[in-house]
Amino acid sequence: MKGLFDFSRRQQIGLLFFLLIVVSCLLLIRFHAYFMPLPESSVSPLDSAWLAHMDSLVVEKESFSYESSEFTEKKTLADPFIFNPNEVSLADLQVLGFSLKQAESIDRYRSKGGKFRSPEDFKKMFVVNEFMYARLEHFLSFPENQSDDKYAYSEKKDWPKKEEKSNRIYALNTVDSIGLEGLPGIGPIYAQRIIKYRERLGGYTSIEQLNEVYGLDKNPETVSLISPFLTVDGIPLTKINVNTATWAELVRHPYINKNIANSIIAIRLQHGPYKEVNDVSMSHLISPMVFLQITPYLKVSD
């Protein structure tokens, strides 16, 4: 082992010289900008102008997330909902389509005593560009100005573009997406979700079930707004045969989770076919509330 580390004087000098070269290279890489600054003449006026232009594009993109039509087409926005700009939270502002920085800008304005008294006041905010204002104009609400006829947003004033379409009553279990989009506060995304949830359920039994639709579950105001224009028709529900349904067919229903599906099948295997729908209450996993929810969608024979 000693022979491996026994260097001659000439070898020691060579190794030291090699280490000095390595250390010099590392220092040069680390501090090259200090030792060898780029001459100003090497950056042309054209390059400087281009770099400045690119910096401006970055700032503009952060300030106006939906400035160009090309960008709006790439980002799918959730349907807006009625909100009071003086009280809406940062989280809800982001749901409405603002970035976190834009939402914080609005919140700073309010925290400094700023107050929105009209849609025009909201439009004056730097972060509210033309696209966002056109999208949210009819969803702005100012409850504190109810005494002012100009900004007392009644149901009809909130939805001037959809007032005529909303005069008729729609059957919730048969209405198509076009009919739903004629309701106040319902755009293409919400219309698709309402229909998709209807298919998963097998049909609606009450208007209140719209509060279970993704997105509407956080906007009960919208459900209350469209309820007068909807009715539950007498179309038969699509029901699940608890004596023949597979586990996958059971858990596909919104009201039946994995444990309940396991329990329904286990009881069926242990006691034989269910004689009536009420027999599913033998499962201790099915609470009285869940029982009331699922029984309209169950059957014991074809």
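The values are calculated or read from the model by the stated rules, or taken from the named source; none is laboratory data. Small disclaimer: the values here were computed from a predicted structure and weren't measured. Backbone-built Cβ (ideal geometry, glycine too); neighbour counts: all protein chains shown.
Residue 193 meets all of the listed conditions (1) among the basic types (Lys, Arg); (2) surrounded by 13 or more Cβ atoms within 10 Å (Cβ to Cβ); (3) not assigned by TED's automatic domain parsing to the domain that holds residue 177 but one, namely (3).
Tell me, yes or no, whether the range 239-248 has at least one residue that is of a type in the set (Gly, Ala, Ser), under 30 Å from residue 179 (Cα atoms) and loosely packed, with under 15 Cβ neighbours inside 10 Å. No, the conditions are met nowhere in the range 239-248.
The helices (runs of 4 or more DSSP H) located wholly in the range 212-302 that include 2 or more residues which are without any contact (Cβ under 8 Å) to a residue 40 or more places away in the chain and farther than 28 Å from residue 171 by Cβ occupy 247-251, 258-271. Just to be sure, is residue 141 out of contact with any His (no Cβ under 9 Å at 6 or more places or on another chain), closer than 21 Å to residue 186 by Cα and of a type outside the set (A, V, I, L, M)? Criteria met by residue 141. The residues of the range 164-176 that are exposed (fewer than 15 other Cβ atoms within 10 Å of the Cβ) and at pLDDT 90 or above, listed by number, are 171, 174, 176. Put simply, of 265, 235 the only residue that is at pLDDT 90 or above and surrounded by fewer than 17 Cβ atoms within 10 Å (Cβ to Cβ) is 265. Restricting attention to the range 166-207, the residues that are under 25 Å from residue 293 (Cα atoms) and either touching a strand residue (DSSP E or B) at 6+ places or on another chain (Cβ under 7 Å) or assigned to a loop (DSSP other than H, G, I, E, B) (or both) add up to 13.
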